[in-house]
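For reference, the structure is listed below as structure tokens.
The values are calculated or read from the model by the stated rules, or taken from the named source; none is laboratory data. Computed from a prediction, not measured in an experiment: that's the story for all the values here. Cβ: placed from backbone, ideal geometry, glycine included. Neighbour counts: every protein chain shown.
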Amino acid sequence: MSIAYLDGAYLPLEEAKISPLDRGFLFGDGIYEVVPSYAGNMVGFAPHIARMKNGLAAVGINLDWSEADWADLCNRLIKENGAGNLGIYLHVSRGADTKRFHGFPENIAPTVFAFAFEIAPPPVADKALVHSYKVSTDRDLRWERCHIKSTALLGNVLHFQQGYKQGHGETLLFNANNELTEASACNAFIVKDGIVSTPPLDNQLLPGITRHIVLDVLRQDGTIPVEERTVTMDEVASADEVWITSSSKEIAPVIEIDGVAVGNGEVGDVWLAAQALYTAGKFNY
Ligand code: PLP
């Protein structure tokens, strides 16, 4: 049984209960994070917490927690839940009101909820072992604040489901100008002629921690050029490799898009090199 945290108490997940008037429940009025942890070692803890603080500030939720407070919570959940391959889910909503009203209530305390769930073992840099993805595409119909990691994920859920119902593991999203934004729960990269490219950070995509680590380890290594720039639908269609990245997937190769093979349809050499660098460097973040 998983041990969760809710508003100051550690308790079995099944016993954690919130008010139906919690604004996270009524409006999706909250911010969340998922921090991966392997054998008790978290990846990207500080940048995850920094992103959470940015998100809370962006939506005006005042929670006076330091990075050390979050570290205590995460370490306790790791201890309580067995220190295996864990995703640590952190969630702060604006809190429970006494009525349903859109305006921010005054003097309510944010609801803080967290739990740990099992994730797959981290991918290894091995073409034969990696889980590759077949994906769909869709016009990105989410809101224009995708840089905020909001718990209001219905737009993402609908895009994910569109691919999932076709047997696909993700959906790549393109804006009205046919430019790649990201995927429903991942950032996206292409490789062409040995150059790795990913869309620049703006309001159309989440500033992924995995994206950040991938760019950083590649730049530090210096052998594979990387670019943050607009990536068009045509470039995705003619890419040699396409990757999706997230905290639980790390770098996942995409081998088919809408039923059409990416490149030669096989996991690529640049993925292999990038995942090896990621594996070697990820615990430095
Ligand atoms: N983009 C979206 C929409 C996501 O939901 C996620 C992760 O949940 C990501 C990108 C990847 O972010 P990270 O690498 O921080 O897990």
May I ask you to verify whether Gly222 is closer than 22 Å to Gln166 by Cα and not assigned by TED's automatic domain parsing to the domain that holds Asn85? no
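Checking the condition closer than 23 Å to Asn41 by Cα, crowded, with 20+ Cβ neighbours inside 10 Å and in contact (Cβ under 8 Å) with a residue 40 or more places away in the chain, which residue from Ala116, Ala183 passes?
Ala116
Sort through Glu250, Glu256, Glu235 and tell me the only one that's within 16 Å of the ligand (Cβ to nearest atom) and either surrounded by fewer than 21 Cβ atoms within 10 Å (Cβ to Cβ) or closer than 23 Å to Pro36 by Cα (or both).
Details: Glu256 fails: within 16 Å of the ligand (Cβ to nearest atom); Glu235 fails: within 16 Å of the ligand (Cβ to nearest atom).
Matching residue, one of Glu250, Glu256, Glu235: Glu250.
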Going by the structure shown, is Val191 crowded, with 20+ Cβ neighbours inside 10 Å, more than 15 Å from the ligand (Cβ to nearest atom) and modelled with pLDDT of 95 or more? yes
Are any residues in the stretch 88-109 in contact (Cβ under 8 Å) with a residue 60 or more places away in the chain and crowded, with 17+ Cβ neighbours inside 10 Å, and if so, which ones? His91, Val92, Ser93, Arg94, Gly95, Ala96, Asp97
Wholly within the stretch 1-89, which strands (runs of 3 or more DSSP E) include no fewer than the required count, namely at least 1 residues that are under 21 Å from the mean Cα position of the chain (by Cα)? 3-6, 30-38
Screening Arg211, Arg219 for residues that are modelled with pLDDT of 95 or more, in a helix (DSSP H, G or I) and either in contact with a Cys (Cβ under 8 Å, 6 or more places away or on another chain) or surrounded by fewer than 16 Cβ atoms within 10 Å (Cβ to Cβ) (or both) leaves only Arg219
Residue that is farthest from Asp221 (Cα to Cα) [pool: residues in the stretch 180-201 that are more than 21 Å from the chain's Cα centre (by Cα) and not in a strand (DSSP E or B)]: Asp193
Residue match in the stretch 259-268 (condition: of a type in the set (Gly, Ala, Ser), within 12 Å of the ligand (Cβ to nearest atom) and part of a strand (DSSP E or B)): no
Identify, by number, the condition in (1) surrounded by fewer than 18 Cβ atoms within 10 Å (Cβ to Cβ); (2) under 27 Å from Gly268 (Cβ atoms); (3) not assigned by TED's automatic domain parsing to the domain that holds Gly208 that Ala125 doesn't meet. (1)
Given the criterion over 23 Å from Asn177 (Cβ atoms) and aliphatic (A, V, I, L, M), identify the matching residue among Ile224, Ile244. Ile224
Exactly one of these conditions fails for Ser150: (1) more than 24 Å from Tyr5 (Cβ to Cβ); (2) polar (S, T, N, Q); (3) in contact (Cβ under 8 Å) with a residue 60 or more places away in the chain. Give me its number. (1)
Regarding Ser19, is this residue among the polar types (S, T, N, Q) and loosely packed, with under 13 Cβ neighbours inside 10 Å? no
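Check whether at least one residue in the stretch 165-179 is over 16 Å from the mean Cα position of the chain (by Cα), in a strand (DSSP E or B) and among the basic types (Lys, Arg), and report yes or no.
no
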